[in-house]
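A short reminder: the numbers here are calculations on the coordinates, not readings from a lab. Predicted model, so just to flag it, every value in this text is computed and none were measured. Glycine gets a Cβ as well: all are built from the backbone with ideal geometry, and neighbour counts include every protein chain shown.
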Amino acid sequence: MEVLVRDIIKKAQNTLEAAGIADSQVDSWLLAEFVFGITRVKYYANMQMTVDGRSVEKYNELVNQRAGHIPLQHIIGTQEFMGLTFKVNENVLIPRQDTELLVENVVDYLGNDERTVLDMCTGSGCIAVSIDRLSKNSKVTAVDISEKALEVAQENNRLNNANVTFIQSDLFTNVTGKYDIIVSNPPYIRTDEIPKLMEEVKSHEPVMALDGMEDGLYFYKKICGEASDYLNDNGKIFFEIGYDQGDDVSEILRQNRFCNIEVLKDLSGNDRVVIARKE
């Protein structure tokens, strides 16, 4: 039995709205594109478009998953970041647009120079892989404590034809040598804030990738305390930070003998990236 696509999508949107999904219209469309293989251009060119009952059943199954607050990216299995496609699952944070500011600034600094980059807490590998792909002469190494996260990162490295080296390590424990740049988007959410996060985040993304301990600054302190030992002279460190952490992370960097500290804001006007140079 053939069913009109417009009717299916409208029903899905109502289901998602009733479940409290903020982006119900967008998500119902993205799931339709994923299941039916359609685009909006094709749809609006033929608004009488129909699909078969089996496809409708599959679509409704995924809509119900989304209504249960499973992240859309987990359902589809991918997320776009820096113009690249990354596989994601429950073992890694979903790449977010805010983090593109971090990558853009690293890539701009690298230019065409031959430099070495260390990505701490790599997760899905989106930062390391993007830097490797967008910087012609960089040599990128990425570190994470989670074996399961590294499996995802290594798959993303292959899928995007990148050449990142991966190390399983608790921060610097298994890291050797020195680098021109250390970049990191570490866990920075205060422990008592995690229960207040959206259901999609607190229940479906790895807590170890979110939890910055009591003050949200634990990993900045740990990384900054050792970073100088792993940076070349005049090496730089690039951090993503929480919206209210600019002053605190800047002070941590100063206490660990970093200079030329700069705090960058995201498109919403919030502190998002801190850059500093080794003295």
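In the stretch 105-196, Rg over Rh equals 1.00, where Rg is the alpha-carbon radius of gyration and Rh the Kirkwood radius from pairwise Cα distances. What the phi angles of the stretch 159-176 give under the Karplus curve with 6.51, -1.76 and 1.60, with θ = phi - 60°, is a coupling list of 4, 9, 6, 9, 9, 7, 9, 10, 10, 7, 7, 7, 6, 8, 3, 10, 8, 10 Hz, glycine and proline written as x. Computed from Cα positions, the angle between helix 24-36 and the longest principal axis of the chain comes to roughly 80 degrees. Only beta bridges with both residues in the chain are counted; by DSSP, about 45 percent of them are antiparallel. Treating each Cα of the stretch 3-68 as one equal point scatterer and applying the Debye formula with no solvent, the log10 of I(q)/I(0) at q = 0.19, 0.28 Å⁻¹ comes out as -0.64, -1.30. When only Cα pairs below 8 angstrom with a gap of at least 6 residues are kept, the stretch 3-68 shows a relative contact order of 51 percent. As a rough footprinting exposure proxy, the listed residues VAL56, VAL164 were ranked by other beta carbons within 10 Å of their own, and the order from fewest upward is VAL56, VAL164. In angstrom, the C-alpha Rg and Dmax of the chain are 20.9, 70.
The length gained by stretching the chain between VAL41 and ALA18 to full extension, at 0.36 nm per residue less their Cα-Cα distance, is 5.5 nm. Going from the fewest other Cβ atoms within 10 Å to the most, the residues GLU57, GLU251 appear in the order GLU57, GLU251. Working note: 222 nm ellipticity from helices only, DSSP H runs with n ≥ 4, each -39,500 (n - 2.57), summed and divided by the residues of the chain, gives -12000 deg cm²/dmol to the nearest 500. In plain terms, the bigger the Kirkwood radius, the slower the diffusion; for the stretch 17-128, with that radius from Cα pairs, at 25 °C and 0.890 mPa s, Stokes-Einstein puts D at 148 µm²/s. By the rule of a C-alpha distance below 22 Å, with chain neighbours fewer than 8 residues away ignored, the lysines paired with LYS58 are LYS10, LYS11, LYS42, LYS87. Between amide H atoms placed 1.01 Å from N, distances below 5 Å from ASN232 occur with TYR179, ASP180, all of them 5 or more places distant or on a separate chain.
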